[in-house]
Amino acid sequence: MNKKTAVILAKFAVGITAVFLLCLGMYKAFLLADHHAENREIKRHKATTRLSATERELLHEGDFILRRGFGYFSDFIAGNLNDGKKDVTHAGILVKQNGKWCVIHALSSDVSEVDGMQLQPLNDFLHYSAPGKIIVTRSKDASATVGKAIALRAQVYLNKHIPFDHSGTIDNDSALFCTELIWKILEKDLHRVTLPNTPDERKAFFHSMQPMYSTKYFDIVIDQYQK
């Protein structure tokens, strides 16, 4: 390699590094802005009841709770991964811990202090939901025994500290995103559902929120969008 080529390559490397650092800085700035936007909405709705006492009485272990979150990430999911009538952006599994309702779910470290599987009190989970935009579903015709089995499987993945699936790669159990966790339990672990099997169909299915409130797979326990 001659000196001229070496200089060109060095300048190219510096340029690539500068572009990378710029993009990284812009991404971090976006995350910070998103976090501030989310916190503003959380504070604005802090005193708003998300689930009434009557609604809470309908909950069973192993139910799935869907919410419409705040912030720019949630805005994107709401507008692009739903059917237009409902705009939920995140999902978790309801479990009982010491007699109190909690949610097991998977979140990215971009929006959470924990990357991946985590356990959160239901009330804390609800603080991150836009009022009037909650859906609770139950595996189709599920008994209390099935619900308990779902909750126990969720606990297994929580105990394994499965990280968040940042790449969105389905059928890879080493990392999971929120709805991927639910479909894994229902399809692979408990054999409760039959899902599309071709790669393109599965990818489209897993990367959409619509199936999470489809009556083909679930009974609808609570749908605040109907009010």
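Here are the numbers:
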{"item": "In the range 67-103, the residues that are touching a residue at least 60 places away in the same chain (Cβ under 8 Å) and touching a strand residue (DSSP E or B) at 6+ places or on another chain (Cβ under 9 Å)", "result": "67, 68, 69, 77, 86, 88, 89, 90, 91, 92, 93, 95"}
{"item": "Which listed residue is surrounded by 18 or more Cβ atoms within 10 Å (Cβ to Cβ) and not hydrophobic (A, V, I, L, M, F, W, C), from 143, 74", "result": "74"}
{"item": "Single residue of the range 197-220 satisfying the filter (more than 19 Å from the chain's Cα centre (by Cα) and closer than 23 Å to residue 67 by Cα) that is most open to solvent (accessible area, probe 1.4 Å)", "result": "216"}
{"item": "Count of residues meeting criterion [assigned to a loop (DSSP other than H, G, I, E, B) and either modelled with pLDDT under 90 or among the small types (Gly, Ala, Ser) (or both)] in the range 77-102", "result": "6"}
{"item": "Count - residues of the range 38-60 that are open to solvent by 40 Å² or more (accessible area, probe 1.4 Å), of a type in the set (D, E, K, R) and closer than 20 Å to residue 144 by Cβ", "result": "2"}
{"item": "Test: residue in the range 160-176 that is open to solvent by 70 Å² or more (accessible area, probe 1.4 Å) and aliphatic (A, V, I, L, M)", "result": "no"}
{"item": "Tally of residues being more than 15 Å from residue 105 (Cβ to Cβ) and under 16 Å from the mean Cα position of the chain (by Cα) across the range 137-170", "result": "5"}
{"item": "Evaluation of residue 194 against (1) surrounded by 13 or more Cβ atoms within 10 Å (Cβ to Cβ); (2) at pLDDT 95 or above; (3) assigned to a loop (DSSP other than H, G, I, E, B) (one fails), failing number", "result": "(1)"}
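The values are calculated or read from the model by the stated rules, or taken from the named source; none is laboratory data. As the structure is a prediction and not an experimental result, all values here were calculated from the model. Quick reminder, even Gly has a Cβ in these numbers, built from the backbone with ideal geometry, and neighbours come from all protein chains shown. Just the protein is used for accessible areas: all its heavy atoms, side chains included, with ligands, DNA and RNA removed. Shrake-Rupley method; radii C 1.70, N 1.55, O 1.52, S 1.80 Å.
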